[in-house]
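Here's the structure, in structure tokens; my notes come after.
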Amino acid sequence: MMAAHPWDEAAQGWNSHVAVIRSWLAEATEAMLTAARIGPGSRVLDIAAGAGDQTLDIAGRVGPQGHVLATDISAAILALADANARAAGLQQVETRVADAEALGLGGAGLDAAVCRLGLMFCRAPLSALAGVRAALRPGGRFSALVFSGPQHNPCLVTMMAVARRHAGLAPTSPFEPGTLMSLGEPGRFEHLLDAAGFVDIEAQLMSAPFHLPTSADYVAFVRSAGSPIMQMLAPLPAAAQRDAWNEMRV
Ligand SMILES: C[S@@+](CC[C@H](N)C(=O)[O-])C[C@H]1O[C@@H](n2cnc3c(N)ncnc32)[C@H](O)[C@@H]1O
């Protein structure tokens, strides 16, 4: 049993936006699964699986003879992944609450591991990567999707800056460990993969625009599903939180 986690609060919001998340990340997800060489019969670890959107794609690729172990630190969001997999009739999906920094899967001999938009939240990403490598068989593949740097994510930069100001937090480096763009500094992720003992390392910058009719729709998405910004504003009184979200809409 894991303790409550801040992402629990965003679980329903993330799950209810699955359609827009799916189209936002479709191309990048496909590239991630292809890079990990996931195919029929593969045994795959899905780290920080969230509500399991990419888990369902993996399950489709591995088929009934394969296996997907979907893990996440938030029991609340992983319960939604489990429910989504059951609803889709996918027996090959198993879920397990686990911190990516303490996977405890050494020697599992898995064929592949993936992580879609989760690794940057690890304060000690090298520990997480060492754990991933230990879970893979020799020749196993790992592929992950992380946010790149601030120049490619102006919307996130603006929203974080507004939230920090309203929350009375001092400006900080965009690459602060454990935050949205922590692995976005050019070369940083490749360096960590190398340090964890991975070989045949390749990084690819991909564009993944988020298509919604208005900026207000995007703010509404982040307000219910964007845990890092939700957590920043959470200590404020309701009216002050509202002011911050309203300022982000313009
Ligand atoms: C942006 S969501 C991505 C969810 C899913 N992979 C997707 O793309 O739809 C980030 C996820 O990372 C999980 N997470 C954050 N820190 C984690 C950690 N240390 N270990 C495992 N999961 C973590 C959160 O609970 C959340 O489900």
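The values are calculated or read from the model by the stated rules, or taken from the named source; none is laboratory data. Computed from a predicted model, the values in this text were never measured in an experiment. Counting neighbours? That spans all protein chains shown, and the Cβs are built from the backbone with ideal geometry, glycine included. These accessible areas exclude ligands, DNA and RNA; they are computed on the full protein's heavy atoms, side chains included. Shrake-Rupley method; radii C 1.70, N 1.55, O 1.52, S 1.80 Å.
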message = Test of understanding: among ALA134, ALA79, ALA85, ALA128, which residue is in a helix (DSSP H, G or I) and within 9 Å of the ligand (Cβ to nearest atom)?
response = ALA128
ask   = Is it the case that some residue within the stretch 129-140 is in contact (Cβ under 8 Å) with a residue 12 or more places away in the chain and under 28 Å from ASP217 (Cβ atoms)?
value = no
remark   = The correct count of residues that are out of contact with any strand residue (DSSP E or B) (no Cβ under 9 Å at 6 or more places or on another chain) and open to solvent by 10 Å² or more (accessible area, probe 1.4 Å) in the stretch 132-157 is 12
Residue list for the stretch 120-130, filter: surrounded by fewer than 23 Cβ atoms within 10 Å (Cβ to Cβ) and among the small types (Gly, Ala, Ser) = ALA124, SER127, ALA130
remark   = Restricted to the stretch 105-125 and to residues being at positive phi and out of contact with any Pro (no Cβ under 9 Å at 6 or more places or on another chain), the residue farthest from the ligand (Cβ to nearest atom) is GLY107
ask   = Would you say ALA195 is in contact (Cβ under 8 Å) with a residue 60 or more places away in the chain and open to solvent by less than 40 Å² (accessible area, probe 1.4 Å)?
value = no
request  = Name, by its number, the condition in (1) among the aliphatic types (A, V, I, L, M); (2) within 16 Å of the ligand (Cβ to nearest atom); (3) open to solvent by 20 Å² or more (accessible area, probe 1.4 Å); (4) out of contact with any Ser or Thr (no Cβ under 9 Å at 6 or more places or on another chain) that does not hold for LEU169.
outcome  = (2)
task = Inspect all residues belonging to the stretch 94-104 and state whether any of them is in contact (Cβ under 8 Å) with a residue 12 or more places away in the chain, among the small types (Gly, Ala, Ser), away from the ligand (no atom under 16 Å from the Cβ) and open to solvent by 50 Å² or more (accessible area, probe 1.4 Å).
result = no
query = What are the residues in the stretch 198-209 that are in contact with a Leu (Cβ under 9 Å, 6 or more places away or on another chain) and either crowded, with 18+ Cβ neighbours inside 10 Å or touching a residue at least 24 places away in the same chain (Cβ under 8 Å) (or both), if any?
reply = PHE198, MET206, ALA208
ask   = Can you tell which of ALA238, ALA244 is modelled with pLDDT of 95 or more, closer than 15 Å to ALA161 by Cα and more than 23 Å from the chain's Cα centre (by Cα)?
value = ALA244
ask   = Just one of LEU69, LEU56, LEU33, LEU45 is within 14 Å of the ligand (Cβ to nearest atom), without any contact (Cβ under 8 Å) to a residue 60 or more places away in the chain and either open to solvent by less than 50 Å² (accessible area, probe 1.4 Å) or part of a loop (DSSP other than H, G, I, E, B) (or both); which is it?
value = LEU69
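Being surrounded by 14 or more Cβ atoms within 10 Å (Cβ to Cβ) and more than 9 Å from the ligand (Cβ to nearest atom) is the filter here, so list the residues in the stretch 3-14 that pass it. Give the steps one after another, and end with the answer.
So the first thing to find is which residues in the stretch 3-14 are surrounded by 14 or more Cβ atoms within 10 Å (Cβ to Cβ), and the list is 5-14.
Result: GLU9, GLN12, GLY13.
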